[in-house]
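Comments concern the structure below.
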Amino acid sequence: MVELDDLKSIILLSHLTDTMLQKLADITLTAEYKAGDYIFREGTYARYLYAIIDGKVGLELEKTANNVILIDTLGRGRTIGFSALVDTEQKKYTTHARALEDTKLFVWDATELEMLFYKDYEMGYLFMKRIAKIAKTRLTIRNLQFLDIYV
């Protein structure tokens, strides 16, 4: 069983009430990956949202078949795979996510999250507001990296 304090350690969830966190705990799974394992790959169906309990995850883009670029490194408390909630038509991950060291994750099925948000609109709003902030931050990072490469 997932403890509420463990969920509170996730930045995305830190602003939710205990009642909201309990609802989320009921649909929370965990998964473990060894260093080097891919959690998901760019272009594959985005079914799950993940949060890092322990370890490090690299977000990568494939420039060519032999050239993968590390664009960000994320650690404890950070969230990956938000395409599962925001890309409603194609639902495809936009990067690779690879465990850089042994990593433990919380896992949520996007369909179950969407059903939860339908039942609790306030929770859905607060959750998606934070997802939007994550997306904006990651876009800013990519823009800065783009400028570093081409300017």
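Some observations on this one:
- Scanning the stretch 24-32 turns up no residue that is hydrophobic (A, V, I, L, M, F, W, C), over 12 Å from the mean Cα position of the chain (by Cα) and over 25 Å from E114 (Cα atoms).
- Qualifying strands (runs of 3 or more DSSP E) (wholly inside the stretch 1-59; at least 3 residues being surrounded by fewer than 17 Cβ atoms within 10 Å (Cβ to Cβ) and on the phi < 0 side of the Ramachandran plot): 29-33
- Looking across the stretch 84-99, just one residue is out of contact with any helix residue (DSSP H, G or I) (no Cβ under 9 Å at 6 or more places or on another chain) and of a type in the set (S, T, Y), and that is T88.
- Test: residue in the stretch 71-89 that is free of Cβ contacts under 8 Å to residues at least 12 places away in the same chain and either within 12 Å of the chain's Cα centre (by Cα) or outside any helix (DSSP H, G or I) (or both): yes
- Residue selection: A132 satisfies the criterion of being closer than 21 Å to L61 by Cα and either modelled with pLDDT under 95 or surrounded by 11 or more Cβ atoms within 10 Å (Cβ to Cβ) (or both).
- Extreme residue, modelled with the highest pLDDT, among residues of the stretch 135-151 that are hydrophobic (A, V, I, L, M, F, W, C) and either assigned to a helix (DSSP H, G or I) or surrounded by 12 or more Cβ atoms within 10 Å (Cβ to Cβ) (or both): A135
The values are calculated or read from the model by the stated rules, or taken from the named source; none is laboratory data. Because the structure is predicted, anything quoted here is derived from the model rather than measured. In this analysis, Cβ positions are derived from the backbone assuming ideal geometry, glycine residues included, and neighbour counts consider all displayed protein chains.
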